[in-house]
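Visitor: Sharing a structure with you now.
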């Protein structure tokens, strides 16, 4: 549930680590999925929004200036209006001729898969009043796998970060455009949650910024907060997909 309001919305967040010689093929498959979504959701209103992004795999994700490898991180982040809409999306996508390859890419390269995320914090563009939604210049996407007995403790820490963000970004989208934090069980088979979960909890932090410089500003300022040492430890211990400077290559709304 997003902070301060009831919501049936659910998220589908996927994070991939792709070796350099597979990047072109993987992106081509993702674009097949993107094209299907673009056509499918003209008539289907189950999707609220989505974006696909990519970035280099940085040597130190908390300090991109330290350089990057030749591998690529991909993120697929989708927001749906209900859990039923997520189920319909997965069922319909499986009918496409590209889906076996899409599924194999997930099996080979996905480091984070959260098909039924429930938002517990959100900042939307509407907080800045009426007007056009700014163009996203960079994304920051993090996926975590947390032991079940640590999940509430980790969420409480994330809410410290959320409360700082809510105050720091207040009524402006000059730097941060929008964001959401979500959690779900870690399912044994991401494409079929009915097969049960592992007992762990998957968290996602998904943020859209006006520019790469705004991401740097965000990270530099957040590091000064008293909770950040704990935030960094959680990232080190449980972070499975850390993409601090994502470039969007497909987006709906």
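The values are calculated or read from the model by the stated rules, or taken from the named source; none is laboratory data. What you see is a predicted model, and the numbers here were worked out from it, not measured in a lab. Glycine also receives a Cβ, built like all others from the backbone with ideal geometry; neighbour counts cover every protein chain displayed.
Visitor: Closer than 24 Å to residue 14 by Cα and over 15 Å from the mean Cα position of the chain (by Cα), is that true of residue 152? Even if it seems obvious, please write down each step before you answer.
Guide: Details: closer than 24 Å to residue 14 by Cα: yes; over 15 Å from the mean Cα position of the chain (by Cα): yes.
Yes; evaluated as a whole, the condition is true for this residue.
Visitor: Could you list, in sequence order, the residues of the stretch 187-211 that are farther than 17 Å from residue 76 by Cβ, crowded, with 17+ Cβ neighbours inside 10 Å and in contact (Cβ under 8 Å) with a residue 60 or more places away in the chain?
Guide: Matches in the stretch 187-211: 209, 210.
Visitor: A follow-up question, please. Any residue at all in the stretch 43-53 that's in a loop (DSSP other than H, G, I, E, B), without any contact (Cβ under 8 Å) to a residue 40 or more places away in the chain and surrounded by fewer than 17 Cβ atoms within 10 Å (Cβ to Cβ)?
Guide: yes
Visitor: Would you be able to tell me the number of residues in the stretch 212-231 that are touching a helix residue (DSSP H, G or I) at 6+ places or on another chain (Cβ under 9 Å), under 11 Å from residue 175 (Cβ atoms) and surrounded by fewer than 16 Cβ atoms within 10 Å (Cβ to Cβ)?
Guide: 1
Visitor: Continuing with the same structure: Please verify whether residue 217 is at positive phi and in contact (Cβ under 8 Å) with a residue 12 or more places away in the chain, treating the condition exactly as stated.
Guide: On the way: at positive phi: no; in contact (Cβ under 8 Å) with a residue 12 or more places away in the chain: yes.
Spelling it out, it is not the case that residue 217 is at positive phi and in contact (Cβ under 8 Å) with a residue 12 or more places away in the chain.
Visitor: Related question: Within the set of pairs 6 or more residues apart or between chains, which connect a residue that is free of Cβ contacts under 8 Å to residues at least 24 places away in the same chain inside the stretch 59-75 to a residue that is assigned to a helix (DSSP H, G or I) and surrounded by fewer than 18 Cβ atoms within 10 Å (Cβ to Cβ) with Cβ atoms less than 7 Å apart?
Guide: 59/66; 60/66
Visitor: Further, regarding this structure: Any residue in the stretch 89-104 that is more than 9 Å from residue 32 (Cβ to Cβ) sitting within a Cβ distance under 9 Å of a residue that is at pLDDT below 95 and surrounded by fewer than 17 Cβ atoms within 10 Å (Cβ to Cβ)? List the pairs, counting only those 6 or more apart or interchain.
Guide: Every condition considered, the pairs that remain are 89/44; 90/192; 92/44.
Visitor: Go through (1) surrounded by 15 or more Cβ atoms within 10 Å (Cβ to Cβ); (2) within 28 Å of residue 23 (Cβ to Cβ) for residue 85 and report which single condition fails.
Guide: So the condition that residue 85 fails would be (2).
Visitor: Say whether the condition of being more than 18 Å from the chain's Cα centre (by Cα) and touching a residue at least 60 places away in the same chain (Cβ under 8 Å) is met by at least one residue in the stretch 134-146.
Guide: Yes, some residue in the stretch 134-146 is more than 18 Å from the chain's Cα centre (by Cα) and touching a residue at least 60 places away in the same chain (Cβ under 8 Å).
Visitor: Confirm whether residue 35 is part of a helix (DSSP H, G or I), more than 27 Å from residue 200 (Cα to Cα), free of Cβ contacts under 8 Å to residues at least 40 places away in the same chain and out of contact with any helix residue (DSSP H, G or I) (no Cβ under 7 Å at 6 or more places or on another chain). Walk me through it before giving the result.
Guide: Values: part of a helix (DSSP H, G or I): yes; more than 27 Å from residue 200 (Cα to Cα): yes; free of Cβ contacts under 8 Å to residues at least 40 places away in the same chain: yes; out of contact with any helix residue (DSSP H, G or I) (no Cβ under 7 Å at 6 or more places or on another chain): yes.
Answer is yes for this residue.
Visitor: Also, quick follow-up: From the list 120, 181, which residue is in contact with a helix residue (DSSP H, G or I) (Cβ under 6 Å, 6 or more places away or on another chain), part of a strand (DSSP E or B) and at pLDDT 95 or above? Break it down into steps so the answer makes sense when it comes.
Guide: On the way: 120 fails: in contact with a helix residue (DSSP H, G or I) (Cβ under 6 Å, 6 or more places away or on another chain).
Only one candidate passes the filter, namely 181.
Visitor: Moving on. Only one residue in 24, 70 is loosely packed, with under 15 Cβ neighbours inside 10 Å, in a strand (DSSP E or B), over 18 Å from the mean Cα position of the chain (by Cα) and on the phi < 0 side of the Ramachandran plot. Which one? Spell out the reasoning first.
Guide: Working: 24 fails: in a strand (DSSP E or B).
Residue meeting the stated conditions: 70.
Visitor: A follow-up question, please. Are any of the residues in the stretch 100-110 at pLDDT 95 or above and either outside any helix (DSSP H, G or I) or buried (at least 22 other Cβ atoms within 10 Å of the Cβ) (or both)?
Guide: So the first thing to find is which residues in the stretch 100-110 are at pLDDT 95 or above, and the list is 100-110.
Restricting the remaining residues to those that are either outside any helix (DSSP H, G or I) or buried (at least 22 other Cβ atoms within 10 Å of the Cβ) (or both) gives 110.
Among the residues of the stretch 100-110, at least one is at pLDDT 95 or above and either outside any helix (DSSP H, G or I) or buried (at least 22 other Cβ atoms within 10 Å of the Cβ) (or both), which makes the answer yes.
Visitor: Would a scan of the stretch 88-99 turn up a residue that is outside any helix (DSSP H, G or I) and under 19 Å from the mean Cα position of the chain (by Cα)? I'd like the intermediate steps shown before the answer.
Guide: Filtering the stretch 88-99 for residues outside any helix (DSSP H, G or I) gives 94-98.
Narrowing further to those that are under 19 Å from the mean Cα position of the chain (by Cα): none.
No, that holds for no residue.
Visitor: Do the conditions hold for residue 173, that is, is it in contact (Cβ under 8 Å) with a residue 24 or more places away in the chain, surrounded by 18 or more Cβ atoms within 10 Å (Cβ to Cβ), at negative phi and not in a strand (DSSP E or B)? Working first, answer last.
Guide: Details: in contact (Cβ under 8 Å) with a residue 24 or more places away in the chain: yes; surrounded by 18 or more Cβ atoms within 10 Å (Cβ to Cβ): yes; at negative phi: yes; not in a strand (DSSP E or B): yes.
Here the answer is yes, as residue 173 does meet what is asked.
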